[in-house]
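Contents: one structure, followed by commentary.
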Amino acid sequence: MDATTESIYRRIKMYLLIDSREKSKAISGILNHFVKNNVKYDVTKLYFGDYMDYAKPNRVIDRKHNISELAMNCTRDHKRFKRELERVKATGSELILLVEQNSYKDGEKTIRVETIEDLMLWTAPRGVVRGEQVYRVLVSWCHKYPLRVEFCHKRSTGQRILELLEEQDE
């Protein structure tokens, strides 16, 4: 079986759980992608995160609408989000923050975001939070907790969720 066929076969067998607090309007494109790829899913309240494969419950994805939402988790909601990371660690799981924004404007220039280092020069739309602050918090959390941060374009979120959940354990 070649890699593409194997990936399709795994997706047909994949059964996802989606957190019930995800807003249906915000994830309609993601759900459409799952349906097109024959991925079955159910909606239920998850202990943490937004998406997980029932067969691999130790890898969970927490979708972030944009960099501003991620920044809010690192600053204003720091204590709440840190408690969530403690729950992740206690269960022996891995949490992947999937940010649905892979670029931002800096004046006339578009800056691509592929890693958390690329956030260093980002500034919140209202200028309250600096990217350097977000970067430092994320680096600290990634060292202390089983956490990683990924970025994607909003149109590819459904595809990226499936890819991340399909990854083989290292």
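Values for this structure:
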{"item": "Any hit, the stretch 120-130, residues being assigned to a strand (DSSP E or B) and touching a Leu at 6+ places or on another chain (Cβ under 8 Å)", "result": "no"}
{"item": "Matching residues in the stretch 114-170 - criterion: being basic (Lys, Arg), open to solvent by 60 Å² or more (accessible area, probe 1.4 Å) and under 16 Å from the mean Cα position of the chain (by Cα)", "result": "Lys154, Arg155"}
{"item": "The stretch 61-74 residues that are under 12 Å from Gln101 (Cα atoms), paired with ones that are in a helix (DSSP H, G or I) (beta carbon under 6 Å, 6 or more apart)", "result": "Lys64/Leu70"}
{"item": "Residue among Glu94, Glu117, Glu100 that is modelled with pLDDT of 95 or more, touching a Cys at 6+ places or on another chain (Cβ under 8 Å) and within 20 Å of Arg160 (Cβ to Cβ)", "result": "Glu100"}
{"item": "Thr110, sole failed condition from (1) surrounded by fewer than 12 Cβ atoms within 10 Å (Cβ to Cβ); (2) outside any strand (DSSP E or B)", "result": "(2)"}
{"item": "Residues (of a type outside the set (S, T, N, Q) and either closer than 12 Å to Ile67 by Cβ or open to solvent by 30 Å² or more (accessible area, probe 1.4 Å) (or both)) located in the stretch 80-97", "result": "Arg80, Lys82, Arg83, Glu86, Arg87, Lys89, Ala90, Gly92, Glu94, Leu97"}
{"item": "Long-range neighbours under 7 Å by Cβ, at least six apart or interchain, first residue touching a residue at least 24 places away in the same chain (Cβ under 8 Å) within the stretch 114-139, second small (Gly, Ala, Ser) and open to solvent by less than 50 Å² (accessible area, probe 1.4 Å)", "result": "Leu119/Gly131; Trp122/Gly131; Ala124/Ser68; Ala124/Ala71; Pro125/Ser68; Val129/Ala71; Val134/Ala71"}
{"item": "Residue count for the stretch 18-51, restricted to those that are open to solvent by less than 30 Å² (accessible area, probe 1.4 Å) and aliphatic (A, V, I, L, M)", "result": "5"}
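The values are calculated or read from the model by the stated rules, or taken from the named source; none is laboratory data. Note that the structure is predicted; figures quoted are calculated from it, not measured. Every residue, glycine as well, gets a Cβ built from its backbone with ideal geometry; the counts of neighbours run over all protein chains shown. Accessible surface is based on the protein model in full, side chains and every heavy atom, while ligands, DNA and RNA are left aside. Shrake-Rupley method; radii C 1.70, N 1.55, O 1.52, S 1.80 Å.
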